[in-house]
Amino acid sequence: MQTKRYDVVVLGGGIAGVAAAVQAARCGMKAALVEKTIFPGGLATTGLVYLYLPLCDGFGHQILFGMAEELYQASMKYGPGQREEKRYMGIFSPASFILALDEILDDAGVDVWYDTLFCKSCVTEGRLEAVEVENNSGRLRLEAGCFVDATGDGDAAVSAGAGYTEGSNTPAIWEIHHADGALKNSRALSDGQERFCGNWKDYEYPGVSGRVVTDFVRDTRRRLRRFYQEKYAADPELKHKFFSMLLPSMATFRRTRAVTGLATMCNANEEAVFEDSVALINEWRCAGPVREVPYGALIPRGVKGLLTAGRCISSIEESWEWTRVIPAAAVTGQIAGFAADMAVRGNVSPEAVDVKELQKKLLAEKFYLHRPDFCTFRRKREEKADEGHVK
Ligand SMILES: Cc1cc2nc3c(=O)[nH]c(=O)nc-3n(C[C@H](O)[C@H](O)[C@H](O)COP(=O)(O)OP(=O)(O)OC[C@H]3O[C@@H](n4cnc5c(N)ncnc54)[C@H](O)[C@@H]3O)c2cc1C
């Protein structure tokens, strides 16, 4: 089997994986990104989930910075985009975002492997030393000083022996369809094209397995057919004006596996102040609440040489809703990129990285780390606004 050696290998080229690989490469690492499709962006692009959720707290204060903001801007670089008025968020064209993500990866010098499937973790004495991947050339062994699992499903961590919490998923499918007069609709991307979100709550699919993936996608497409059948039964002419144009090319699972970390974000610690906090993230469903992300949530328990990023970090219950979305995936991806660089330079496993140094790097990116600091800042700013000093 052919072997290649990198400093950092990132598995999964979704938003978290792109952020991790780009950040590691920008730090000077020889970084590779392995992605099983031919597109970067994961659910945000391949899954057609093209709503970049907010970077702000809903009261006019930006909370997420760094690559979360950079990728938000990039999502609208090659397309119109549409910014919301009330929150710092917006919709984008998935294809346009793919073009911009490719460019960011190119500029950073990441060695991208598309159409390449992560197959197996190779662990020696508890440390992940290499992964086996497969593509048209056959099996390839990739070695690295540090790995990042950004597969969304925690495939590399689980293959390396890590534990996990299994999620569940209600049927959901997002598509882009043609609809005459779509521009009148706020979800329209351009004249005649808008997105459709099918979300059904009558069934729950367990975590993930080969069988579940197939059952899930066939079920959601069957439901979508039924949606059109009902429309066309009422008006057969509608099929010339209202029809599906693009379907997701990956299963649209929200929660599959949360890899058990040295720390786990959960309901019991939702207001905790973590000494090793590496980011503050926001609630996207309502204005106000913020939560700290402990560095330990990115470190799989019992496996050395590996970090997780994105929707498979150690975050369960309500916290999973916060950490699994696009902006938070960019945040944890960027943190993993910085931490992987520090681990390789220090010749240590990620859990031995100097967290204070890591926090300094994140503060330089304008990250907030702790709830009390942000809440004090927010209160003072609001007091000033009341006095008329801040608009
Ligand atoms: C129905 C639905 C609606 C959503 N709505 C929104 C929304 O409106 N706004 C929002 O911000 N977020 C939304 N989300 C969540 C969000 O899109 C994703 O959770 C987020 O983008 C996760 O990014 P990620 O990089 O962690 O994982 P993913 O996007 O899942 O990326 C993982 C990548 O790894 C690759 N991969 C997986 N296994 C392998 C392997 N073995 N080998 C190689 N590559 C592999 C995949 O192909 C994929 O590209 C939604 C999710 C769903 C399912």
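No lab work stands behind these numbers, since they all come straight from the coordinates. This is a predicted model, so every value here is computed, not measured. Using ideal geometry, Cβ is built from the backbone for each residue, glycine included, and neighbour counts are taken over all protein chains shown.
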For the chain, return all DSSP H helices satisfying: extent of Cα atoms along own axis at least 20 Å; mean Kyte-Doolittle hydropathy at least -1.0.
94-108, 326-346
Approximate spin-label separation GLU84-VAL348, in nm, with each point projected 7 Å along Cα-to-Cβ
4.0 nm
Taking every pair of alpha-carbon atoms in region 169-246, give the share separated by more than 21 Å as a whole percent.
37 percent
Approximate spin-label separation GLU125-GLU275, in nm, with each point projected 7 Å along Cα-to-Cβ
2.8 nm
Give, in nm to one decimal, the length gained when the segment between THR214 and ASP191 is fully stretched (0.36 nm per residue of separation minus the Cα-Cα distance).
4.9 nm
Highest first, please rank the peptides 1-13, 33-45, 308-320, 270-282 by the mean number of other Cβ atoms sitting within 10 Å of their residues.
308-320, 33-45, 1-13, 270-282
Going 7 Å from the Cα of GLN229 along its beta-carbon direction, which residues of region 202-218 have the amide nitrogen within less than 17 Å of the resulting point?
218
Of the convex hull drawn through the C-alpha atoms of the chain, the volume per residue in Å³ is 148 Å³
Pull up the DSSP beta bridges for the chain and report the antiparallel fraction as a percent, rounded to 5.
65 percent
Which one of GLY163, TRP174, VAL131 has its Cα pushed farthest toward the positive end of the charge dipole of region 120-193, where Lys and Arg give +1 and Asp and Glu give -1 at the Cβ?
TRP174
Could you order peptides 62-68, 72-78 by the average number of other Cβ atoms within 10 Å of their residues, highest first?
62-68, 72-78
For a protection proxy built on the mean count of beta-carbon atoms within 10 angstrom, sort 347-354, 157-164, 260-267 highest first, please.
157-164, 260-267, 347-354
So, in nm, how far is label LEU363 from label ASN267 when the simple model puts each one 7 Å beyond its Cα toward the Cβ?
3.5 nm
